[in-house]
Amino acid sequence: MKARTYALIAAWMVALIYGVTFTIAKDVMPKYIDAFGFIFLRVGGTMLLFWLSALFVKTEKIEKKDFPRILAAAFFGVAFNMLTFFKGLSYTSPIMGAVLMVTTPMIVLVLSAIIMKERMENRKVLGILLGLAGTVTLILYGKSMVNAPNATLGNFLVFVNAVSYGFYLILVKKLMDKYNAFSFVKWIYLFGFLMVLPFGWNEFQAVDWNLVPMHIYWKIGFVVVVSTFLTYLLNLLSMRELKPTTVAVFIYLQPLFASIFAIGLGKDELSWVKIGSTALIFTGVYLVIKKKPEIIEESLPGTDPSQH
């Protein structure tokens, strides 16, 4: 098989894994472990995996002047990003969480216009407004759903997570251009772990592991090894052969996979509000990415898995 075919398969696998992760994570929290305790496990486990992997991969030494950027990337891409996402997911439903994540590419475009002074066309502005309209509709009216104790707060936190991830993508762009990913991602996860430690330690200690069934241990392991560590490696594989815009487009498959998986297991249900909001978001996304893809390509260096 051609390298490009492998890259496309890797990108499909990442989208599928993320889509499934929404529902798997909901099975673990908050019933067996609270959101922040779960993040302590996820970031700590992934940090160990990356530092162990770095022993077998040639990496460059990071220049001192780049550590502030790595610290900021750790905050927006790991700590704040995951804390808001997992806490939000513990309050809302899997479909809603997945659909809100689709706003990330639009948020990156807005931040690029503000921070990087990139010009935005009318078509993109219209797309962003439609997408935000869909997002606001989900946050305000997507209240009646199963498995969602506080949907409004949960949806808002997932949206904040998407904004945080947008900042991360812009911050990490220069690092990706300069270093092998293994060189800096281990530092991002180390600093990220130190940041989530104060939030997650008490919830982690509060877990009665004797009451946790074996299948939940497997699901925790899946989130750490597959949803975080493996997806990052698959993204590296796909980004070697595919343009960042092509890789980014696969984020739009996540709500589809998440919805099919969640509804198939009876853990979520469809409503006209969800369908209408989703249509608005996808129409907005389409308008944003339709023209001049090179601008998006500059803004989307990749789709890092630490978010989901």
Taking the simple approach of a point 7 Å from Cα along Cα-to-Cβ for both GLU121 and LYS178, what is their distance in nm? 3.3
Please identify every one of the chymotrypsin sites (Phe, Trp or Tyr not before Pro) in the range 10-115 that sits in a loop by DSSP and has no more than 16 other beta carbons within 10 Å of its own beta carbon. PHE56
Set LYS61/LYS186; LYS26/LYS186; LYS2/LYS58; LYS2/LYS174, cut-off 20 Å on Cα-Cα distance; pairs above it are LYS26/LYS186; LYS2/LYS58; LYS2/LYS174
How would the range 1-70 be classified by its alpha-carbon gyration tensor: rounded, prolate or oblate, with rounded meaning a/c under 1.5 and the a/b versus b/c comparison settling the rest? oblate
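Coordinate-derived values only; no laboratory data. None of these values were measured; they are calculated from a predicted model. FYI the Cβ positions are ideal-geometry reconstructions off the backbone, even for glycines, and counts take in every protein chain you see.
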